[in-house]
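Structure first, commentary second.
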Amino acid sequence: MTYVSVALLHARTAPVPGRLLTVGDVKERPAGHWGTVPGTALTMAHVGLAAAATSWSVVPVIGAAHAGLTQTALAWLTGHLARIDPRYSVDRHGLAALAEGWPEVNRLGSEVHPCLPAGDYVGGWLGGALAFAQGASSRTAGRLLVPILGDGECETPTTAAAWLAQQALPTAAVVPIVHLNGRRMGSPSLLGVMTDYEVAAYLGGHGWEAHLVDADRADIHERFAAALTAGFADTAAGSRRVAVVLRCRKGWSGPVGEHKTPITNPAGDPDQLAYLNQWLNSYAAGQLFDTEGHPTGLLADALAAASYERLPVPPRAEVAVRRPHTRAARATGGGFGDHVGGVLRAHAAAGQLRVFSPDELASNRLPEIANRPWAVEVLAEEVLAGWLAGWTAAGNTGVLISYEAFAPLTLTTLVGQLRQRRMADVELPSINLLLTSYGWHNVHSHADPSLTTALAAMDDPAVRLFTPTTPAHTGRVLDEALASTGRVNVIVAGKHPLPARQPYAETAEHADGFTVHRPPTLTETQLTLVAIGDLPASNVAAAAPALAATGVSATVIEVQELTALRRVALRQRLATAGPTLLVTLGHPAAVWGLLAEAAPPRARVLGWREPPHPMNHTDLAAYAGITACGITEAAHALLAEGSQT
């Protein structure tokens, strides 16, 4: 793997053992991450061989996106790459094509890719591989996940918390491998300057038994194989949690200590070209490949024996069939906890549901859920998001329930998973978030609707942002989200009861993601009020009669899904709506961004406005202008603007 990786970085063709590369054989400006290659290659080789020797299904997961070079080299050697594109056959012609195309190989790019071995986790979200592996392994008996972590990753909050958090997820079967090369990228890592005793004590304090091996020892292969074999056996038996720590200097077997390749101009610098040839020759490629570039000898034997499994992707029909039919279990009355709790219990009874929460279930009106065996609580949103991503990637149904203000911590996870699943082209159970305790009914520090704003800006059709207007709507939306596939569903709903509101006089017209209420008269509508979410719907319902009393006839549109603003049905209705006042739970910027060029010509948006200091709930709503009085005043101002033009 290391030899092939060096060739891909620097050569334009397949190196021929025994023949020196010439100026015409090398890239003019090689660029790529070299430092992590040797340790990752050593790890992947041993994991593949150890996996073949156990009855467990062993799934390696590369944590660092920069290890994509090694992953590509492995995929070429094993034939996985040739199955994607026959141009990359396992011979000198295939290696030549691969070297010529690197790093833009058939749109695979240069980073870890989900279509290749050990690619179930996209490493652009630095530090999430351990949590992802814990979530992916926590249900299926006989499956063991092996996340490969860099010492830089171990400095991230997500990895640091995940070591301890596994105590809350005891069924997770993982054997993490820490590739301790001494550096984050270019500077020394914290773990790298610790002694073996200190590293073992650090992991031991979190409940992990550390097996340390050193690549500079002559017996590295025997010791590494023994550490993995013991780790797999102990984990399978459930006797202890084991982490393997590989000390392997960055750039080992080549330019030591280098993050990226130091050979930047081999075509123009004879000394660099000579060093590159010496470097490649040090791997004795003639013992690895025959004259046609086929693996031979011990390499061929190892490739034949090694096993690199992936998380199984359930057939789409199977994913659809096993969704529970919970409509009969939906609550017919009650508040947030009744409707949400009923749906969760119904899905849990059908199997495969897991609820993740940062110790907020009781606070969020779901005390009966808090102590269920399928509910897991730990105060680390980033870890919970990783668990949810891994859990759903393994074909299970899950939801993260949290405060709206803490949810932005999950953004990097969600973006990474959207990219992962888009590239993999698989339809897995959706990633679901239920956000409550929003800023309108919380303290100053617990108010931040930024997650929905950021996700709305992605303009990704897989993102669905739901804003149910009643507890019953919340239950229905959650039920449908848990039964869906291929999406990231974010539901924002308040846990506090809102004032009872009078039903609208006219029968509502239901459509895709929104509901229309026409005024009770046949007069022409002068204004359209758009309520996005439960609190806006409550206050708009209170404002509509006040407007009617002043002679203003208004059509009310209740939007149950914020992302419906980018779909044709709602856009067409708003295009002919005349003066339009939109009231939203979140940032007005999210509404403007979703509407874009389809925004009504005369429109105004009221929503979250960052307060200058702590305010009580009533004053906060008044400050943002979303009270019934504020909505009435804004409506009159909007109509007055039109009369002056």
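The values are calculated or read from the model by the stated rules, or taken from the named source; none is laboratory data. Nothing here was measured: the structure is a model prediction, and the numbers come from that model. Counting neighbours? That spans all protein chains shown, and the Cβs are built from the backbone with ideal geometry, glycine included.
Of all residues being part of a strand (DSSP E or B) and more than 34 Å from the chain's Cα centre (by Cα) in region 562-603, which is surrounded by the most Cβ atoms within 10 Å (Cβ to Cβ)? Just the residue, please.
581
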Look at region 608-645 and say how many of its residues are free of Cβ contacts under 8 Å to residues at least 40 places away in the same chain, within 24 Å of residue 450 (Cβ to Cβ) and outside any helix (DSSP H, G or I). 5
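Do we have any residue at all in region 486-495 that's in a helix (DSSP H, G or I) and either more than 28 Å from residue 637 (Cα to Cα) or modelled with pLDDT of 95 or more (or both)? Write out each step before concluding.
Of region 486-495, the ones in a helix (DSSP H, G or I) are none.
Checked region 486-495: no residue is in a helix (DSSP H, G or I) and either more than 28 Å from residue 637 (Cα to Cα) or modelled with pLDDT of 95 or more (or both).
Working carefully through the options 440, 391, find the one that is aromatic (Phe, Trp, Tyr), in the same structural domain as residue 350 (by TED's automatic domain parsing), part of a helix (DSSP H, G or I) and under 30 Å from residue 612 (Cβ atoms).
Working: 391 fails: under 30 Å from residue 612 (Cβ atoms).
None of the other options fit; the residue is 440.
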Looking only at region 479-498, how many residues end up being under 20 Å from the mean Cα position of the chain (by Cα) and more than 9 Å from residue 430 (Cβ to Cβ)? 3
Sort out which residues of region 268-287 are surrounded by fewer than 18 Cβ atoms within 10 Å (Cβ to Cβ) and in a loop (DSSP other than H, G, I, E, B), and write them in order of number. 268, 269, 282, 284
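Got a number for residues in region 36-62 being β-branched (Val, Ile, Thr) and either part of a strand (DSSP E or B) or surrounded by fewer than 24 Cβ atoms within 10 Å (Cβ to Cβ) (or both)?
Restricting attention to region 36-62, the residues satisfying the condition of being β-branched (Val, Ile, Thr) are 36-37, 40, 43, 47, 54, 58-59, 61-62.
Subsequent filtering for residues that are either part of a strand (DSSP E or B) or surrounded by fewer than 24 Cβ atoms within 10 Å (Cβ to Cβ) (or both) retains 54, 58-59, 61-62.
Number satisfying all stated conditions: 5.
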For region 519-553, enumerate the residues that are of a type in the set (Val, Ile, Thr) and under 16 Å from residue 500 (Cα atoms). 540
Hey, residue 499 hits all of (1) in the same structural domain as residue 366 (by TED's automatic domain parsing); (2) in a loop (DSSP other than H, G, I, E, B); (3) surrounded by fewer than 24 Cβ atoms within 10 Å (Cβ to Cβ) but one; which does it fall short on? (1)
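For the structure I just gave you, tell me whether residue 435 is in a helix (DSSP H, G or I), of a type in the set (A, V, I, L, M) and not assigned by TED's automatic domain parsing to the domain that holds residue 535. Full working, then the answer.
Details: in a helix (DSSP H, G or I): no; of a type in the set (A, V, I, L, M): yes; not assigned by TED's automatic domain parsing to the domain that holds residue 535: yes.
So residue 435 does not fit the description; no.
Working carefully through the options 127, 135, find the one that is out of contact with any Lys or Arg (no Cβ under 8 Å at 6 or more places or on another chain), at pLDDT below 95 and of a type in the set (Gly, Ala, Ser). Working first, answer last.
Values: 135 fails: at pLDDT below 95.
Going through 127, 135 in turn, just one is out of contact with any Lys or Arg (no Cβ under 8 Å at 6 or more places or on another chain), at pLDDT below 95 and of a type in the set (Gly, Ala, Ser): 127.
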Count of region 70-118 residues which are assigned to a helix (DSSP H, G or I) and touching a Gly at 6+ places or on another chain (Cβ under 6 Å): 3
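Yes/no matrix, rows are residues, columns are (1) buried (at least 21 other Cβ atoms within 10 Å of the Cβ); (2) closer than 24 Å to residue 202 by Cα:
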site: 93; (1), (2): no, no
site: 111; (1), (2): no, no
site: 148; (1), (2): yes, yes
site: 155; (1), (2): no, yes
site: 162; (1), (2): yes, yes
site: 167; (1), (2): no, yes
site: 177; (1), (2): yes, yes
Does residue 454 qualify as being buried (at least 23 other Cβ atoms within 10 Å of the Cβ), over 26 Å from residue 541 (Cα atoms) and among the hydrophobic types (A, V, I, L, M, F, W, C)? no
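Would you say residue 481 is within 30 Å of residue 355 (Cβ to Cβ), in the same structural domain as residue 620 (by TED's automatic domain parsing) and either at pLDDT 85 or above or charged (D, E, K, R) (or both)? Even if it seems obvious, please write down each step before you answer.
Values: within 30 Å of residue 355 (Cβ to Cβ): yes; in the same structural domain as residue 620 (by TED's automatic domain parsing): no; either at pLDDT 85 or above or charged (D, E, K, R) (or both): yes.
Here the answer is no, as residue 481 does not meet what is asked.
Determine, yes or no, whether residue 478 is closer than 30 Å to residue 614 by Cα and either in contact with a strand residue (DSSP E or B) (Cβ under 9 Å, 6 or more places away or on another chain) or surrounded by 24 or more Cβ atoms within 10 Å (Cβ to Cβ) (or both).
Values: closer than 30 Å to residue 614 by Cα: no; either in contact with a strand residue (DSSP E or B) (Cβ under 9 Å, 6 or more places away or on another chain) or surrounded by 24 or more Cβ atoms within 10 Å (Cβ to Cβ) (or both): yes.
So residue 478 fails the test.
Which residue is surrounded by the fewest Cβ atoms within 10 Å (Cβ to Cβ), if the candidates are limited to region 389-447 and must be aliphatic (A, V, I, L, M) and in contact with a Phe, Trp or Tyr (Cβ under 6 Å, 6 or more places away or on another chain)?
Residues of region 389-447 that are aliphatic (A, V, I, L, M), as a first pass: 389, 393-394, 399-401, 405, 407, 409, 411, 414-415, 418, 423-424, 426, 428, 431, 433-435, 443, 447.
When the remaining residues are screened for being in contact with a Phe, Trp or Tyr (Cβ under 6 Å, 6 or more places away or on another chain), the result is 389, 400.
On the way: 389: 30, 400: 25.
That would be 400.
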Going through region 216-232 one residue at a time, which ones are in a helix (DSSP H, G or I) and either touching a residue at least 40 places away in the same chain (Cβ under 8 Å) or not small (Gly, Ala, Ser) (or both)? 220, 221, 222, 223, 224, 225, 228, 229, 231, 232
Would you mind stating whether residue 24 is surrounded by fewer than 19 Cβ atoms within 10 Å (Cβ to Cβ) and assigned to a helix (DSSP H, G or I)? yes
Identify, by number, the condition in (1) under 30 Å from residue 145 (Cβ atoms); (2) not assigned by TED's automatic domain parsing to the domain that holds residue 172 that residue 10 doesn't meet. (1)
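In region 361-382, which residue that is surrounded by 16 or more Cβ atoms within 10 Å (Cβ to Cβ) and out of contact with any Leu (no Cβ under 9 Å at 6 or more places or on another chain) is nearest to residue 407 (Cα to Cα)?
361
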Report whether or not residue 632 is surrounded by 20 or more Cβ atoms within 10 Å (Cβ to Cβ) and among the β-branched types (Val, Ile, Thr). yes
Quick test of your reading of the structure: residue 418 fulfils all but one of (1) outside any helix (DSSP H, G or I); (2) closer than 30 Å to residue 110 by Cβ. Name the failing condition by number. (1)
